[in-house]
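A.B. asks: Before anything else, here's the structure in question.
The values are calculated or read from the model by the stated rules, or taken from the named source; none is laboratory data. Just so it is clear, the structure is predicted and the values come from calculations on it, not from any experiment. Cβ atoms come from the backbone with ideal geometry, glycine included; neighbour counts cover every protein chain shown. Note: accessible area is taken over every heavy atom of the protein model, side chains too, but ligands, DNA and RNA are not part of it. Shrake-Rupley method; radii C 1.70, N 1.55, O 1.52, S 1.80 Å.
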Amino acid sequence: MTHGRCGPRSMKMTSVIANGISIDYDSFGPNDGEAILLISGLGTQRIRWSISFCEDLAARGYRIIRFDNRDAGLSTHFPDFPAPDFSAVAAAVAQGRRPDVPYTLRDMAADAVGLMDGLSIGRAHLVGRSMGGMVAQLVASDYPRRVMSLTSIMSSTGNPALPSAAPDVMAMLTRPAPHPVGDEAGFLAHSLGFARRIAGSGYPFDEEAHRALILEETRRAYDPSGFGRQIAAIAATGDNRSRLAKITAPTLVVHGADDPLERDDARLTRIRN
């Protein structure tokens, strides 16, 4: 384990070896507080959970842990595995065959539990968004004794009968972006266009804040093949409903009516009453 300090007074930055990989994380708040584990979404890094959000929760007495998933940020990446062919993965799942992928969301769920082990956290509140919500669901179903509560935000159960993403959104999601080194303007236009499209209509789109966040993530770690491997992990995991029926932790599902990516509304994504 390595230790260091930087940034706001309450943030502690570290990394641990867990589940056979290095997981980079930081923490806020008292070590003896109830832990809240924040799990990031597809292709995004832990900094998407803003420092102000983490510090607000920490001020309420919680121990906040945000971390980079595998193949994102400063955690372990898998460059020896090229980004899988998404159509081939989907075809294998449809035919009941095991797709050729380096890992699935169940491995990522084991990463989260391994991080808890490394931090000597017996039980935690899990909060995941998008892909992170699916990872949190699997932790709650497969490791019930480790979970105090589950909050799944703008996520899915993997039910193939649910509405698919809007076609233009899926095209934007899977279309290769310009490289930020050779064409930063083109990369930003691509990334901001996608962020604006999925932002919904409830609040004004803050382009400058999104631009700053996109650039910060890119400068921390840029790995488009890791993004592809995470998409493949989602597809290879498939329908999780049978596992989710076993969840016993108090559960909150948060979903927006305007979400064009995960278009299953709160009634469809409800895991339990």
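A.B. asks: Among the residues of segment 50-109, write down those that are assigned to a helix (DSSP H, G or I), among the β-branched types (Val, Ile, Thr), within 26 Å of residue 141 (Cβ to Cβ) and open to solvent by 10 Å² or more (accessible area, probe 1.4 Å).
C.D. replies: Within segment 50-109, the subset assigned to a helix (DSSP H, G or I) is 51-58, 86-94, 105-109.
Add one more test, that the residue is among the β-branched types (Val, Ile, Thr), and what stays is 51, 89, 93.
Still in the list and also within 26 Å of residue 141 (Cβ to Cβ): 89, 93.
Once the filter is applied, which keeps residues that are assigned to a helix (DSSP H, G or I), among the β-branched types (Val, Ile, Thr), within 26 Å of residue 141 (Cβ to Cβ) and open to solvent by 10 Å² or more (accessible area, probe 1.4 Å), segment 50-109 yields only 93.
A.B. asks: Suppose we filter 218, 237, 248 for residues that are among the polar types (S, T, N, Q) and more than 17 Å from the chain's Cα centre (by Cα); which single one remains? Even if it seems obvious, please write down each step before you answer.
C.D. replies: Details: 218 fails: more than 17 Å from the chain's Cα centre (by Cα); 237 fails: more than 17 Å from the chain's Cα centre (by Cα).
Of 218, 237, 248, the one residue that is among the polar types (S, T, N, Q) and more than 17 Å from the chain's Cα centre (by Cα) is 248.
A.B. asks: A follow-up question, please. Suppose we keep only residues that are of a type in the set (Ser, Thr, Tyr) and under 15 Å from residue 254 (Cβ atoms) within segment 111-154. Which one would you say is surrounded by the fewest Cβ atoms within 10 Å (Cβ to Cβ)?
C.D. replies: Among residues in segment 111-154 that are of a type in the set (Ser, Thr, Tyr) and under 15 Å from residue 254 (Cβ atoms), the one surrounded by the fewest Cβ atoms within 10 Å (Cβ to Cβ) is 149.
A.B. asks: Are there any pairs with C-beta distances below 7 angstrom linking a residue in segment 109-122 that is under 16 Å from residue 38 (Cβ atoms) to a residue that is part of a helix (DSSP H, G or I) and charged (D, E, K, R), with the two at least 6 apart or on different chains, and if so which?
C.D. replies: Every condition considered, the pairs that remain are 109/142; 113/146; 116/146.
A.B. asks: Could you grab me the full set of residues in segment 10-49 that are aliphatic (A, V, I, L, M), out of contact with any Cys (no Cβ under 8 Å at 6 or more places or on another chain) and open to solvent by 30 Å² or more (accessible area, probe 1.4 Å)? Write out each step before concluding.
C.D. replies: First, pick out the residues of segment 10-49 that are aliphatic (A, V, I, L, M): 11, 13, 16-18, 21, 23, 35-39, 42, 47.
Checking which are out of contact with any Cys (no Cβ under 8 Å at 6 or more places or on another chain) leaves us with 16-18, 21, 23, 35-37, 39, 42, 47.
Result: 17, 42.
A.B. asks: Of all residues in segment 160-194, which are surrounded by 12 or more Cβ atoms within 10 Å (Cβ to Cβ), among the hydrophobic types (A, V, I, L, M, F, W, C) and not in a loop (DSSP other than H, G, I, E, B)?
C.D. replies: Result: 169, 170, 172, 173, 187, 188, 189, 192, 194.
A.B. asks: Does segment 18-38 hold any residues that are over 23 Å from residue 251 (Cα atoms), touching a strand residue (DSSP E or B) at 6+ places or on another chain (Cβ under 8 Å) and assigned to a strand (DSSP E or B), and which are they? Give the derivation first.
C.D. replies: The first filter runs over segment 18-38 and keeps only residues over 23 Å from residue 251 (Cα atoms), leaving 18-32.
Next, only the ones that are touching a strand residue (DSSP E or B) at 6+ places or on another chain (Cβ under 8 Å) stay: 22-32.
Across segment 18-38, the qualifying residues are 22, 23, 24, 25, 26, 27, 28.
A.B. asks: Filter segment 195-242 for residues that are of a type in the set (S, T, N, Q) and assigned to a helix (DSSP H, G or I); which is most open to solvent (accessible area, probe 1.4 Å)?
C.D. replies: At the first step, the residues of segment 195-242 found to be of a type in the set (S, T, N, Q) are 201, 218, 225, 230, 237, 240, 242.
Of the ones still in play, those that are also assigned to a helix (DSSP H, G or I) are 218, 225, 230, 237, 242.
Working: 218: 29, 225: 38, 230: 0, 237: 21, 242: 89 Å².
Result: 242.
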